[in-house]
């Protein structure tokens, strides 16, 4: 008997990576928190598709086309949620000051502290995908706000960290995955390790992962470029 395909959505959190998953056609949600991307990608029951909220594929200079298209798709004010992906050279840096010097040498401008904040997560995933070529077909980049807009039919009205923003995203999750799904995941982790919006973003990623496995997802851009390490520069929804 053929096993149903397993979809997973992952988002970075203070404790590492929160991952929610389920088999296509099932209502049963599983969740786990992994300390590293290596553990996430090596979990015992290996997902057929992991949609992850982190930049994959990096330019040598200049912005990624998928980031530009995601901002255009979202429009104001949600476009600002798409942080510029770091250029590849800054992954070798170990401090914001070093990264500012590196980017200034390449592009003539510094990296923001907010963008620097995601570099450790970007580096983790980049190391794994460069070392393990087979992962590249089953680990795909998503952006939760892009997923939420496609899911909802319109961009979210409120910031995800606000009470109203949390409520409108939670309503989508409850309608699609069932009202108990979020609570089952929430009860497993401390808020200090996995925040409310981390969980909602992971569910948005799972929603997109299921669409990829069903062959109904969309890719920004339609024909994604490949970076010099062989990684697609795309956002799927």
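With respect to being assigned to a loop (DSSP other than H, G, I, E, B) and surrounded by fewer than 21 Cβ atoms within 10 Å (Cβ to Cβ), residue 43 fits the description. Pairs are defined by a Cβ separation below 8 Å, a sequence spacing of at least 6 or placement on different chains, a first member in segment 110-124 that is touching a residue at least 12 places away in the same chain (Cβ under 8 Å) and outside the structural domain of residue 36 (by TED's automatic domain parsing), and a second member that is surrounded by fewer than 19 Cβ atoms within 10 Å (Cβ to Cβ) and part of a helix (DSSP H, G or I); the pairs so defined are 111/96; 111/100; 113/96; 116/96; 119/91; 122/91; 123/91; 124/38. When the residues of segment 24-40 are narrowed to those that are in contact (Cβ under 8 Å) with a residue 24 or more places away in the chain and surrounded by fewer than 17 Cβ atoms within 10 Å (Cβ to Cβ), which ends up nearest to residue 200 (Cα to Cα)? The selected residue is 27.
Applying the set (1) out of contact with any strand residue (DSSP E or B) (no Cβ under 9 Å at 6 or more places or on another chain); (2) in contact (Cβ under 8 Å) with a residue 60 or more places away in the chain to residue 191 leaves exactly one unmet item: (2). Can you tell me which residues in segment 142-166 are within 15 Å of residue 201 (Cβ to Cβ) and in a helix (DSSP H, G or I)? Within segment 142-166, 144, 145, 146, 147, 148, 149, 150, 151, 152, 165, 166 meet the criteria. Annotation note: of 103, 166, the sole residue that is in contact with a helix residue (DSSP H, G or I) (Cβ under 8 Å, 6 or more places away or on another chain) and outside the structural domain of residue 71 (by TED's automatic domain parsing) is 166.
Quick one: in segment 153-185, which of the residues that are under 18 Å from residue 30 (Cβ atoms) and exposed (fewer than 15 other Cβ atoms within 10 Å of the Cβ) is nearest to the chain's Cα centre (by Cα)? That would be 176. The set of residues from segment 1-14 being more than 18 Å from residue 119 (Cβ to Cβ) and either surrounded by 14 or more Cβ atoms within 10 Å (Cβ to Cβ) or in contact with a strand residue (DSSP E or B) (Cβ under 9 Å, 6 or more places away or on another chain) (or both) comprises 3, 4, 5, 6, 7, 8, 9.
The values are calculated or read from the model by the stated rules, or taken from the named source; none is laboratory data. Fair warning: this is a prediction, and the values are worked out from it, not measured in the lab. Quick reminder, even Gly has a Cβ in these numbers, built from the backbone with ideal geometry, and neighbours come from all protein chains shown.
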